[in-house]
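Working notes, beginning with the structure itself.
The values are calculated or read from the model by the stated rules, or taken from the named source; none is laboratory data. Please read these numbers as outputs of a predicted model, since none were measured by experiment. Backbone-built Cβ (ideal geometry, glycine too); neighbour counts: all protein chains shown. To get the accessible areas, we keep the full protein, side chains included, count just its heavy atoms, and leave off ligands, DNA and RNA. Shrake-Rupley method; radii C 1.70, N 1.55, O 1.52, S 1.80 Å.
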Amino acid sequence: MKEITAYKCKKCGRIHYPKHERCLNCQHREFELVHPEGKAKLLTYTQIFNLPWGFDERFLYIGVVEFENGVKAMGQIAAPDGADVHTGMLLAAEWRPVRYVSGEPVYGLKFVL
Amino acid sequence: MRDVAIIGAGMIPFGRRDQDTLVDMLAYASLKALDDAGVSAVDAVYVANMGGGILQRQTAIASALVDRVGLLPAAADLVENGPASGGSAVKNGVLAVASGYYDLVLVAGGEKMREVTGWKATDFVATLTHPETEYPYGITLPGMAGMFTRLYMEKYGVTREMLVEIAIKNQQMGALNPYAHVEMLITKEGILDSPHSVVNNPPMADPLHLYDACPVSDGAAAVILCPLDRVKELTHNVPVIVAGFGQATDTHTLAERDDPTDLKAVTLAAQQAFERAQTKPAEINVAELHDAFTILEIAESEHVGFFKKGEGGKAVLAGKTKLGGQLPINVSGGLKARGHPVGATGVAQVVELTWQLRHELPKERQVKNARAGFSINFGGFGNNVVAFVLKRGEK
């Protein structure tokens with residue numbers, strides 16, 4: 001998953017995503033750039049029915065995952081209504097359009113069952 | 001630092017106020033607070049508002065308010081801190097008086113959210129999420145709360161029955177509050193225990209349902225602050241003392257929290273407020289918690305120390321947080337029923353506590369002999385939180 005860059009503190013090892021100028025744990029300023037690796041474990045999720053302006057879908061599944069190398073991120077889950085989505089399940093992460101602005105796709109994390 | 005007192009409080013009924021502009025509402029609430037205190041001029045004005053620039057395409061709202069209300073040439077600032085704008089504005093007003101720089105300060109909070117569609121209002125509030133790693137996905141504040149609720153239910157055994165009980169309690173209180181947006185009584189059968197409940201109370205952001213959320217509202221509230229040692233010369237009201245406040249922040253994104261069920265900023269803000277006030281949670285008689293979603297009333301009541309983790313929901317079922325219970329919470333109806341015009345909320349909580357501590361409310365809504373009140377104004381999804389401890393002073 002090269003499209004996502006996370007930041008591993010060179011002093012304490014804490015992984016940050018998104019970017020911070022100083023480590024949230026030890027305030028160190030140097031980071032190793034890392035990318036999410038492996039399967040994504042679903043930490044929590046919701047199925048949203050009242051969507052904001054800009055979305056035409058009837059609902060969206062959105063979740064927070066942790067990749068095998070510790071990177072944590074939010075993304076959409078590609079799942080039909082009533083799908084067996086549950087915390088702890090392993091998902092594959094893809095880089096796909098997550099919304100359209102003026103007809104142009106905006107790319108982001110899409111987790112696939 | 002000087003002790004600071006609230007000597008005036010005013011609010012306009014929350015709801016859908018198509019006839020009023022944002023500045024109209026702020027002006028009406030400000031005049032009520034000025035008249036309540038019995039003062040005609042102030043040194044400085046702090047205005048809380050989150051969405052004027054987005055929803056009304058109006059900026060510099062504090063300048064507009066002092067002109068509209070005839071408070072020129074008072075100093076005037078806008079405080080924008082998401083849904084905690086109100087708490088932040090009151091805090092800034094308190095600091096201004098406590099420092100000795102200003103003697104009389106007006107704090108007014110307001111928001112006008114109903115002139116756009118629900119889609120746009122939802123999108124407006126979602127602009128407080130992270131612009132690259134959260135917002136593009138369509139996450140909403142109900143969505144954030146849904147993800148939080150799922151984890152909180154798993155970890156602490158919170159049930160939908162507990163959440164429904166809060167919705168019922170707060171709408172019961174809202175029905176008694178003439179300032180509340182929602183005045184409709186609801187039943188457990190209607191929103192949980194019958195086939196009709198599926199239609200009446202559909203999922204909004206699973207596991208949260210429609211009646212777990214506050215409404216989108218218009219409204220405004222205001223208070224007048226002064227040094228405690230000038231109360232007698234300035235007003236006939238019983239002063240309410242700002243005994244302590246606290247404010248703390250947490251990570252912008254939910255994903256970066258080590259334990260997303262731990263609302264660290266709530267705990268820290270409350271600890272600071274209690275410490276400054278030299279007061280313990282058990283000494284509080286009435287609390288206004290930020291129940292934008294029912295789960296937050298439980299989670300906040302536990303994080304600030306009113307109940308142990310896992311006990312807040314049980315306390316609700318046992319009636320401990322009702323009027324007449326061990327600690328009445330959201331006797332105003334809370335955000336759930338009073339409504340949540342985001343910039344107004346933190347100020348409205350302080351107004352409600354002021355009325356409670358002055359013992360001015362009708363019997364059906366007054367916490368008997370209340371002497372200490374507490375509020376939590378919860379910004380973002382817990383990434384910026386303001387807490388107050390208020391106490392009844394001597395006339």
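Note on the stretch B:173-322: semi-axes of the ellipsoid equivalent to its C-alpha gyration tensor, largest first and rounded to whole Å, are 32, 23, 16.
Stokes-Einstein, applied to the Kirkwood radius of the stretch A:36-112 over Cα pairs at a viscosity of 0.692 mPa s and 37 °C, places its translational diffusion at 254 µm² s⁻¹.
The translational diffusion coefficient of the stretch B:14-114, from Stokes-Einstein at 20 °C and 1.002 mPa s with a Kirkwood hydrodynamic radius over alpha carbon pairs, comes to 158 µm²/s. Heavy-atom surface analysis with a 1.4 Å probe gives chain B a carbon and sulfur content of 51 percent of its accessible area.
The amide H of A:VAL98, built 1.01 Å from its N in the peptide plane, has A:VAL106, A:TYR107, A:GLY108 as neighbours under 5 Å, considering only residues 5 or more places off or on other chains. Taking amide hydrogens as placed 1.01 Å from N in the peptide plane, the amide H of A:HIS35 sits under 5 Å from those of A:ALA6, each at least 5 positions away in sequence or on another chain. Its residues counted as N, chain B yields a C-alpha radius of gyration over 2.2 N^0.38 Å of 0.91. Taking the alpha-carbon centroid of each part, what is the distance from the stretch B:82-129 to the stretch A:44-75 in angstrom? Rounded to whole Å, the Cα centres lie 28 Å apart. Distance between the C-alpha centres of the stretch B:53-71 and the stretch B:208-253: 20 Å, rounded to the whole angstrom.
The trypsin sites (Lys or Arg not before Pro) of the stretch A:1-36 meeting both criteria, a DSSP state outside H, G, I, E and B (loop) and at most 10 other C-beta atoms within 10 angstrom of the site's C-beta, are A:LYS2.
Protein-only accessible surface at a 1.4 angstrom probe places the residues B:SER40, B:SER99 in the order B:SER40, B:SER99, largest first. Diffusion coefficient of the stretch B:291-395 by Stokes-Einstein, Kirkwood radius over Cα pairs, 20 °C, 1.002 mPa s: 150 µm²/s. Phi angles across the stretch B:19-26 convert, under the Karplus curve 6.51 cos²θ - 1.76 cosθ + 1.60 with θ = phi - 60°, into 3J(HN,Hα) values of 6, 10, 7, 4, 6, 3, 4, 4 Hz, Gly and Pro given as x. Looking at the stretch B:33-90, the pairs of alpha carbons with a distance over 15 Å make up 52% of the total.
Ranking B:HIS340, A:HIS20 from most to least accessible surface, computed with a 1.4 Å probe over the protein chains only, gives A:HIS20, B:HIS340.
What Kirkwood hydrodynamic radius do you get for the stretch B:251-325 when you take the inverse of the mean 1/r over all pairs of distinct Cα atoms, in Å? For the stretch B:251-325, the Kirkwood estimate is 13.3 Å. Bridgeable lysines around A:LYS19 (alpha carbons under 24 Å apart, same-chain partners fewer than 8 residues away excluded): A:LYS2, A:LYS8, A:LYS10, A:LYS11, A:LYS39, A:LYS41, A:LYS72, A:LYS110, B:LYS264.
Both radii are taken from the alpha-carbon atoms of the protein assembly as shown; with Rh as the Kirkwood radius, Rg/Rh is 0.97. Looking at the stretch B:115-177, what % of the alpha carbon pairs are farther apart than 20 Å? So the pairs more than 20 Å apart make up 50 percent of the total in the stretch B:115-177.
The phi torsions of the stretch B:195-209, fed into the Karplus equation with coefficients 6.51, -1.76 and 1.60 and a -60° offset, translate into couplings of x, 5, 5, 5, 7, 5, 9, x, x, 10, 8, 2, x, 7, 10 Hz, rounded to whole numbers, with Gly and Pro shown as x. Phi angles across the stretch B:174-183 convert, under the Karplus curve 6.51 cos²θ - 1.76 cosθ + 1.60 with θ = phi - 60°, into 3J(HN,Hα) values of x, 5, 9, 9, x, 8, 7, 6, 9, 10 Hz, Gly and Pro given as x. The GluC sites (Glu not before Pro) of the stretch A:55-109 that DSSP puts in a loop, and whose beta carbon has at most 13 other beta carbons within 10 Å, are A:GLU57, A:GLU68.
Per the accessible-area calculation with a 1.4 Å probe, the total area buried between chain A and chain B rounds to 2800 Å².
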